[in-house]
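The values are calculated or read from the model by the stated rules, or taken from the named source; none is laboratory data. From a predicted model like this one, the values you see are computed outputs, not experimental measurements. As a convention, Cβ positions derive from the backbone with ideal geometry for all residues, glycine included, and neighbour counts pool all protein chains shown.
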Amino acid sequence: MCSPVAVIGLSAAAGVYSAYNQYQQGNSEGQYYNYLSNQSAQQGQLALERGKQQAKVIQDLASHQIKDLKTAGAQMSASQRAALAANGIDASSVTAQDIATDTLSKQDMDELAIRYNANTRAWEAQTDANYQDYAARAEADQYRYASRNARRAGKTNAFSTLLGTAATTAYQYNFLKRK
């Protein structure tokens, strides 16, 4: 049979070991939440980068569409002049100029519509990316708070275990001393 002093010593050692494990568990949970926080922050940065790239692609596509529109407009203008000349209408006549002005006006309106639509879609892509980044940063903040709380809980639990162990050990010691 073990001596009472050995039992008290083992009880104290078990309490210290338990406190150490609680402290380590709090640190491990804190590290886990920090990892999740970093992942969320990276997701937010990726969302911003993706939004910038989408906006750039949208603007580049609009530039190509405008270029194609201008090419088609130049071809249409040339076809109109040829048709007018074939019908014997002078290119400097009011009718010819009205047709050319109307064609150019419609081309300008189409170009403005392409630019407006591209700007709107690019703005939507960037705004969506900003919202995703905001949500990811908020989530990262929550994980950081959870990390701090896990570490505090680990320290509190460890301290509580040490106090409980000290009280139990003191009680056991006083009990043996009285015998």
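A few notes on this one:
- For segment 154-179, a residue qualifies if it is over 14 Å from Val5 (Cβ atoms) and not small (Gly, Ala, Ser), and the qualifying residues are Lys155, Thr156, Asn157, Phe159, Thr161, Leu162, Leu163, Thr165, Thr168, Tyr171, Arg178.
- Filter result for Glu111 (crowded, with 16+ Cβ neighbours inside 10 Å and either within 36 Å of the chain's Cα centre (by Cα) or under 29 Å from Leu48 (Cβ atoms) (or both)): yes
- Single condition Ala91 does not satisfy, out of (1) of a type in the set (A, V, I, L, M, F, W, C); (2) surrounded by 16 or more Cβ atoms within 10 Å (Cβ to Cβ); (3) outside any helix (DSSP H, G or I): (2)
- Residue selected from segment 1-15 under the condition aliphatic (A, V, I, L, M) and surrounded by 15 or more Cβ atoms within 10 Å (Cβ to Cβ), by the criterion modelled with the highest pLDDT: Ala12
- Candidate set from segment 62-84 (those that are of a type in the set (Lys, Arg) and under 42 Å from the mean Cα position of the chain (by Cα)); member that is farthest from Thr103 (Cα to Cα): Lys67
- Among the residues of segment 16-39, those identified as among the small types (Gly, Ala, Ser) and either more than 22 Å from Asn149 (Cβ to Cβ) or buried (at least 19 other Cβ atoms within 10 Å of the Cβ) (or both) are Ala19, Gly26, Gly30, Ser37.
- If you check Arg81, Arg151 for being at pLDDT 90 or above and in a helix (DSSP H, G or I), only one passes: Arg151.
- Any hit, segment 155-173, residues being assigned to a helix (DSSP H, G or I), touching a residue at least 12 places away in the same chain (Cβ under 8 Å) and basic (Lys, Arg): yes
- Count of residues meeting criterion [among the polar types (S, T, N, Q) and more than 41 Å from the chain's Cα centre (by Cα)] in segment 1-32: 2
- Options Gln43, Gln53: the member that is assigned to a helix (DSSP H, G or I), surrounded by 15 or more Cβ atoms within 10 Å (Cβ to Cβ) and at negative phi: Gln43
- Qualifying residue in segment 100-107 (condition: in contact (Cβ under 8 Å) with a residue 60 or more places away in the chain, charged (D, E, K, R) and over 30 Å from Ile8 (Cβ atoms)): no
- Flag if Thr127 is closer than 30 Å to Asp60 by Cα, of a type in the set (Val, Ile, Thr) and either part of a helix (DSSP H, G or I) or in contact (Cβ under 8 Å) with a residue 60 or more places away in the chain (or both): yes
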